[in-house]
Amino acid sequence: VATEKSAIHWCRAEMKTHGFTAEETFRHYFQRLSQRGWGQFSVDRIDMRAATGAIGLRNSIFTLEAARRAGVGEPRGDAPLCYMFEGFMTGAFRFLLEAAGRDAAVSCAETHCAGDGAHVDCGFTFGA
């Protein structure tokens with residue numbers, strides 16, 4: 001809940017500060033998360049009619065740490081490891097929906113995780 005609220009607040013402030021459209025602000029949010037070292041986020045799909053979307057994540061800080069741990073013989077952890085990012089995604093998408101005049105709860109799920117050793121990236125889907 002805290003990460004969701006934080007994302008909404010950040011997006012509102014950035015839209016006002018920079019004069020971005022709502023979708024530009026949404027994309028900017030994930031660019032800034034990438035620049036801050038959480039991993040490289042990509043907005044793979046936004047469908048405002050269906051109120052759904054998908055985001056990819058490469059080099060997640062959580063999966064990189066899991067790989068480091070595995071490399072020194074420590075437990076890798078159980079995937080999915082990047083579920084913590086779900087709040088960022090639900091908040092940013094709620095902001096986008098709100099800007100379009102829609103007030104809806106948003107859910108998000110990590111569909112695959114590089115932390116399992118079988119994937120090269122993490123994927124998330126979200127929707128209202």
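List of remarks:
- Those trypsin sites (Lys or Arg not before Pro) in region 10-53 that DSSP places in a loop and that have at most 16 other beta carbons within 10 Å: Arg36, Arg49
- The chain - mean residue ellipticity at 222 nm from DSSP helices (-39,500 (n - 2.57) per run, n ≥ 4, rounded to 500): -14000 deg cm²/dmol
- Histogrammed with a bin width of 10 Å, the alpha carbon distances of region 47-128 distribute as 19, 42, 24, 12, 3, 0 percent, first bin at zero.
- Between the residues Thr125, Ala104, Pro80, the greatest Cα displacement towards the positive end of the dipole of the chain, with unit charges on the Cβ of Lys, Arg, Asp and Glu, is found for Ala104.
- Of the two radii for region 1-76, the radius of gyration is 1.09 times the Kirkwood radius, both from the alpha carbons; that is the Rg over Rh value.
- Accessible carbon and sulfur surface of the chain relative to its total accessible area, %, 1.4 Å: 52 percent
- Fluctuation leader among His112, His18, His28 - the chain, Gaussian network, Cα springs under 10 angstrom: His18
- Solvent exposure of region 22-128, expressed per residue, is 50 Å² of accessible area, with all protein chains present and a 1.4 angstrom probe.
- Basic side chains Lys and Arg get +1 at the Cβ, acidic Asp and Glu get -1 at the Cβ, and with that the dipole of the chain about its Cα centre reaches some 300 debye.
- Label zone of Asp44 (point 7 Å out along Cα→Cβ, amide N under 13 Å): in region 104-124 this covers 109-114, 119-124.
The values are calculated or read from the model by the stated rules, or taken from the named source; none is laboratory data. What you see is a predicted model, and the numbers here were worked out from it, not measured in a lab. Every residue, glycine among them, receives a Cβ derived from its backbone with ideal geometry; neighbour counts consider all protein chains shown. When the accessible area is computed, the model is the full protein with side chains, heavy atoms only, and any ligands, DNA or RNA have been set aside. Shrake-Rupley method; radii C 1.70, N 1.55, O 1.52, S 1.80 Å.
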